[in-house]
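Working notes for the structure below.
The values are calculated or read from the model by the stated rules, or taken from the named source; none is laboratory data. Computed from a prediction, not measured in an experiment: that's the story for all the values here. Counting neighbours? That spans all protein chains shown, and the Cβs are built from the backbone with ideal geometry, glycine included. Remember, those area values only see protein heavy atoms, side chains included, never the ligands or the DNA or RNA. Shrake-Rupley method; radii C 1.70, N 1.55, O 1.52, S 1.80 Å.
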Amino acid sequence: MSEQPILRVQSVSKRFGGVHALENVSVDLFPGEVLALAGDNGAGKSTLIKVISGVHRPDEGKISYDGAEVTFENPQKAREQGIETIYQDLALADNLDVGANVFLGREPMKRVLGLPVLDRKKMRTEAAEALRVLDIRINRFDLPLRSMSGGQRQAVAIGRAIHWNAKVLIMDEPTAALGVPEQRKVIALIKSLKQSGVGVIFISHNLVDIFAVSDRIVVLRRGQKVGEAATQATNSDEIVRWMVGG
Amino acid sequence: MSEPPTANRKLQTADTKPPSAHPIDELVSERTTWATSVRSTVASMRAWIFLFFLLVGFEIWAQLAYHTTFLFNPFNASSIAVFTVGPLLLALGQTFVVISGGIDLSVGFTMGLAAVVFSKILNLSMGVLPDPLALVVALVVALLASAVPGLINGLLIAILRVPPFIGTLGMYGVARGIAYLMAGGTTIPISNPVVSFIGNQSLTLLSIGDFRVSIPILVLVTIVLTVAMVFMLSQSRFGRHVYAIGGNRQASLRAGINVTRNTIALYILSALSAGIGGILYTARFTAGAPQAGETLLLDSIAAVVIGGASLFGGSGTITGTVIGALIIAVIQYGLVFVNVEPFWQFVAVGVVIIISVLVDQTQKQLSGARTDE
Ligand SMILES: Nc1ncnc2c1ncn2[C@@H]1O[C@H](COP(=O)(O)OP(=O)(O)O)[C@@H](O)[C@H]1O
Ligand SMILES: [Mg+2]
C-alpha cells in the first residue's frame, strides 16, 4: 500500500433541502485498498459516493484525486479520469448484450466501405476478455442481460468498470441482491481487484462481507462520520455500536 | 469524443479462485438451454410466420370464392408494394421512437403538413424558377417544415419531460390545424412532370423477352430509405443509444449518453420520415392534402408492433417493421381483392395491433430473446 492516497474527500457537506445528507465528512482511499462504508439506511453512504463520482456536487469541502483537487461536472468526467461506479441498481441496459453494456456510451467504431459502423466483434471479444480475467464464463454473448442471473449481471457491471482501467472502483451494495454463492463470487472479485492495485470503496450492510474483504471501515450515521478503524483492529460489536449510536 | 482507453488490466486471480465448477458457471449452463434458443428464434420469426399464414389464407379464400390466384399475380404483388409505402414510411421513424420507449402520434398530420407545404411551394416556385430547381426548393422547404413538429415534440419530451403520448397528441392537433389552414381546407393539385413521373412510373430492372421485372419508383425510394434506416439503427452509435435509452434511461445517462440530444434527434427523424411520406404521397396523387396521413397513424404503429417492437421500449427492428407494414398492406389489399367491405380493414388492423401487443407481453415474460438488430 503506498503512502499517497489516490482519493481524498475533505470536509464534504451535502444538503437536500433541509436534510443534511452529509456533514463534514472526510475519507481517504489508498491504491490497492478496500474501504468499506457502513451505516444504517439513510446514513448518507450513497450520497457520499455520488459526490465522489460526479452525480452530486458537494456544498462544502473538496475532493482530490491523484494528488490534485477535482470537480467532476458529471459521472462521465469522473469515469474518464478512472473513477468507475457500480450503482446499487447496476445501471445496465437489460435489453442489450454483454458487449453492448461493457461499451455503453463508448462504442468502438470501424469502417466498412468508408462508412463508420459499430465494431461488434471488438465489443464482443473484449467484453469476453474482461469477464475472462475476472474468471467468469458466459457462453452466450449474443443474448440480452435480461436472460442472465443476478451474479452474471453483477459480473458484467464489474467487468465494464474494470475494463476501462479504473483506479478507483466504487460499489454500492454489490452483494445485496445476490444469492450466497454469487455473493462469494463478488467478494472474490473484489479481492482480485485489490491485488491489481485498484482502490475499492464498497458499501454494505453485511458485516460478514465487510470483515471478509475490507482493509478499513468507515461508519456513517445521519450524514456524519462516526467511526473509522482498520478492519483488523476492530470487531462487529464496535461497528454496530457506531452504526446505531449510543 | 476521444478514443477510450482499452487496455485490459490483467488481474491476478490469486488464491481466492476455486479451481473448477464455479457457481456462476452452473447458473450459466442452466440458463441457456435449447428452450431459450427456440423461444428466441420464434420471437424474431413471429411476424414472418404471421405474414406467411396471411398470404396462404388469402390464397385459399381467393381460390375457393373466385377460383383465382391471389399470390401468383404480379399485379397484386406490385399493388401490395405500393400499399406498403405509406404505412412503412411513417413506421420507419416510429420504430426508432418506439424502441426509445416513446410514441409519436403526430406523424399522420406531419405527413399532411409536408404534403401541403410541398405542393404550395412547388406551385409558387414553378412560375419563377426552372422546374428542377423549383422541385429542389419545394423538397427542402417541405422537409424543413416537417422537421419542426419533430423538433417541438423532442423539446417537449426530452427537456420538459412531457409524456410522449401527450406531447405528440398535442402536436397531432397543431400540425393538423396548420396543414388545413395552409391548404385552405382543400387539396392542392400540382403539375410538375418530374414529380408525377416519380409518383406513378416504374423502373424496369430486367427485361428478357416477355419477362419483365419492374419496380414502381415510389417503392424504390422507400427501399433506399429503409436500407438507410436499417444501417442507422443497427450500425451507428445513435441506433445503439436508442436501444439503450429504451432499455434503461438511467443507465444510459450514467454511461454518458446524451439522452436529451438523442431524444430530440429521434423525434426529428420520425417527423422527417413522415415528411418524406407526405412528399411521396403528393407525387403519387399529384396533389397535396392535409389529411394525407390521417389513416396511416394507426397503420404505422401497427406495423411497428406487429414487427416485434415492444411499446415498453428497448426492442424492435426495422426488418420487423417492414414485415409489419407488408402485413398491413396484405390485409388491406387482400380484403379489397376478396371483395370485403373496405371498412373492415380498420377493424382487422385494430385487432392485429391488439393481438400483437398481447403476444409481446406474453413473450416478454417467457423469453430472453434477442431484441436488437
Ligand atoms: N436526491 C436526493 N434528494 C433529496 N434527499 C436525498 C437525495 N438523496 C438522498 N437524500 C436523503 O439524504 C439522506 C441520505 O441518503 P443516502 O445517501 O441515500 O443514504 P444511504 O445510502 O446511506 O442509505 C436520506 O435522508 C435521504 O432521504
Ligand atoms: Mg444507499
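Based on this model, can you work out whether B:Leu266 counts as part of a helix (DSSP H, G or I), aliphatic (A, V, I, L, M) and open to solvent by less than 40 Å² (accessible area, probe 1.4 Å)? Answer is yes for this residue. Just so you know, in the stretch A:227-246 the residues that are more than 16 Å from ligand 2 (Cβ to nearest atom) and buried (at least 17 other Cβ atoms within 10 Å of the Cβ) include one that is nearest to the other protein chains (Cβ to nearest Cβ), and it is A:Thr231. Put simply, of B:Gly308, B:Gly288 the only residue that is surrounded by 19 or more Cβ atoms within 10 Å (Cβ to Cβ), in contact with a strand residue (DSSP E or B) (Cβ under 7 Å, 6 or more places away or on another chain) and among the small types (Gly, Ala, Ser) is B:Gly288. Restricting attention to the stretch A:181-192, the residues that are more than 7 Å from chain B (Cβ to nearest Cβ) and open to solvent by less than 10 Å² (accessible area, probe 1.4 Å) add up to 3.
For residues that are over 22 Å from A:Val180 (Cα atoms) and at the interface with chain B (Cβ under 7 Å from one of its Cβ atoms), scanning just the stretch A:140-153, find the one that is modelled with the lowest pLDDT.
A:Arg140
Of all residues in the stretch A:24-51, those satisfying the criterion of being within 14 Å of another protein chain (Cβ to nearest Cβ) and either within 16 Å of ligand 2 (Cβ to nearest atom) or small (Gly, Ala, Ser) (or both) are A:Gly32, A:Ser46, A:Ile49, A:Lys50. Being within 11 Å of chain B (Cβ to nearest Cβ) and surrounded by 22 or more Cβ atoms within 10 Å (Cβ to Cβ) is a property that A:Ala212 lacks.
You will find that of A:Val198, A:Val156, A:Val168, A:Val133, the residue that is more than 16 Å from ligand 1 (Cβ to nearest atom), at the interface with another protein chain (Cβ under 10 Å from one of its Cβ atoms) and modelled with pLDDT of 85 or more is A:Val198 and no other. The test for being under 30 Å from A:Met123 (Cα atoms) and open to solvent by 40 Å² or more (accessible area, probe 1.4 Å) does not hold for A:Asp40.
Looking for something of a type in the set (Lys, Arg), touching a helix residue (DSSP H, G or I) at 6+ places or on another chain (Cβ under 8 Å) and either within 16 Å of ligand 1 (Cβ to nearest atom) or open to solvent by 20 Å² or more (accessible area, probe 1.4 Å) (or both) - is there at least one such residue anywhere in the stretch A:102-112? Yes: the stretch A:102-112 contains one or more residues that are of a type in the set (Lys, Arg), touching a helix residue (DSSP H, G or I) at 6+ places or on another chain (Cβ under 8 Å) and either within 16 Å of ligand 1 (Cβ to nearest atom) or open to solvent by 20 Å² or more (accessible area, probe 1.4 Å) (or both). Identification of helices (runs of 4 or more DSSP H) wholly contained in the stretch B:153-260 with 3 or more residues that are of a type in the set (A, V, I, L, M, F, W, C) yields B:164-183, B:193-200, B:217-235, B:237-247.
Annotation for the stretch A:228-237: no member residue is within 15 Å of ligand 1 (Cβ to nearest atom) and within 26 Å of A:His20 (Cβ to Cβ).
When A:Ala21 is tested against (1) away from ligand 1 (no atom under 16 Å from the Cβ); (2) among the small types (Gly, Ala, Ser); (3) away from every other protein chain (no Cβ under 14 Å), exactly one condition is not met: (1).
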